[in-house]
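Taking it in order: structure first as structure tokens, then the write-up.
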Amino acid sequence: MYQKEFMATAAAEADSNLQTNEGGPFGAVVIKDGKIVGKGHNRVLIKHDPTCHAEIEAIRDACQNLNTHDLTGCTLYTSCYPCPMCLSAIIWANIKKVYYGNTAKDAADIGFRDDFIYKFIESGCTDASVMELTQQDRNVTIRTFNAFAQKQDKTIY
């Protein structure tokens with residue numbers, strides 16, 4: 001069930017970057033059992049890391065605080081519709097409920113555009129102006145996959 005106080009906290013995380021300039025104006029929190037277990041804001045600039053989006057920072061914080069890689073049962077509140085990378089991280093973390101404030105268009109209106117990534121994926125990842133994606137040397141890399149398939153103590157996630 002949606003709780004406005006958690007969106008206010010995500011917004012406060014986003015607001016912090018108006019002063020610190022650590023990254024863009026994005027914030028997020030992860031909730032479990034009615035409590036904040038992870039917080040984050042965009043830290044791309046300060047960390048020199050393009051993966052340090054608010055949602056991913058909040059997921060990383062929650063995973064550390066809960067000592068797990070599986071956030072089943074958690075909810076994410078974020079100040080803006082998640083980008084494709086963040087959507088993927090949310091899915092990998094097993095978060096099934098996300099509340100967001102601003103839209104992707106709101107983000108585009110202030111200079112943050114994710115639509116080219118969606119178009120790249122929809123086109124079969126074939127637009128070389130975005131990225132050249134080419135398979136090579138599967139015969140070399142498949143050996144590790146085959147060995148993993150034979151492991152008795154493997155964990156698949």
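The values are calculated or read from the model by the stated rules, or taken from the named source; none is laboratory data. Here the structure is a predicted model, which is why all the values come from computation and not from measurement. Note that we place each Cβ from the backbone using ideal geometry, even for glycine, and neighbour counts take in every protein chain shown. Heavy atoms of the whole protein, side chains included, go into the accessibility calculation; ligands, DNA and RNA do not. Shrake-Rupley method; radii C 1.70, N 1.55, O 1.52, S 1.80 Å.
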Selection status of Thr51, open to solvent by 10 Å² or more (accessible area, probe 1.4 Å), under 12 Å from Val37 (Cα atoms) and in contact (Cβ under 8 Å) with a residue 12 or more places away in the chain: no
Filter pass, Asp114 being more than 30 Å from Thr155 (Cα to Cα) and of a type in the set (Asp, Glu): yes
Counted residues, segment 29-42 - those being free of Cβ contacts under 8 Å to residues at least 40 places away in the same chain and open to solvent by 70 Å² or more (accessible area, probe 1.4 Å): 2
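Which one of Cys80, Cys63 is open to solvent by less than 90 Å² (accessible area, probe 1.4 Å), in contact with a strand residue (DSSP E or B) (Cβ under 9 Å, 6 or more places away or on another chain), modelled with pLDDT of 95 or more and over 23 Å from Tyr157 (Cβ atoms)?
Values: Cys63 fails: over 23 Å from Tyr157 (Cβ atoms).
Of Cys80, Cys63, the one residue that is open to solvent by less than 90 Å² (accessible area, probe 1.4 Å), in contact with a strand residue (DSSP E or B) (Cβ under 9 Å, 6 or more places away or on another chain), modelled with pLDDT of 95 or more and over 23 Å from Tyr157 (Cβ atoms) is Cys80.
On the given criteria, is Tyr157 within 28 Å of the chain's Cα centre (by Cα) and open to solvent by 100 Å² or more (accessible area, probe 1.4 Å)? Full working, then the answer.
Details: within 28 Å of the chain's Cα centre (by Cα): yes; open to solvent by 100 Å² or more (accessible area, probe 1.4 Å): yes.
For Tyr157, the condition - within 28 Å of the chain's Cα centre (by Cα) and open to solvent by 100 Å² or more (accessible area, probe 1.4 Å) - is met.
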Expected output for segment 120-132 (first residue touching a residue at least 40 places away in the same chain (Cβ under 8 Å) and closer than 15 Å to Met85 by Cα, partner open to solvent by less than 100 Å² (accessible area, probe 1.4 Å) and not charged (D, E, K, R), Cβ below 9 Å, 6+ apart or cross-chain) is none
Give the number of residues within segment 8-28 that are outside any loop (DSSP other than H, G, I, E, B) and either of a type in the set (Ser, Thr, Tyr) or open to solvent by 30 Å² or more (accessible area, probe 1.4 Å) (or both). 10
Could you run through segment 91-119 and say how many residues are touching a residue at least 60 places away in the same chain (Cβ under 8 Å) and of a type in the set (Val, Ile, Thr)? 2
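Kindly check whether there is at least one residue in segment 66-74 that is assigned to a helix (DSSP H, G or I) and closer than 20 Å to Lys35 by Cβ.
Residues of segment 66-74 assigned to a helix (DSSP H, G or I): 66.
Keeping just the survivors that are closer than 20 Å to Lys35 by Cβ gives 66.
Scanning segment 66-74 turns up at least one residue that is assigned to a helix (DSSP H, G or I) and closer than 20 Å to Lys35 by Cβ.
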Taking only segment 132-146 into account, find how many residues are within 26 Å of Ile117 (Cβ to Cβ) and hydroxyl-bearing (Ser, Thr, Tyr). 2
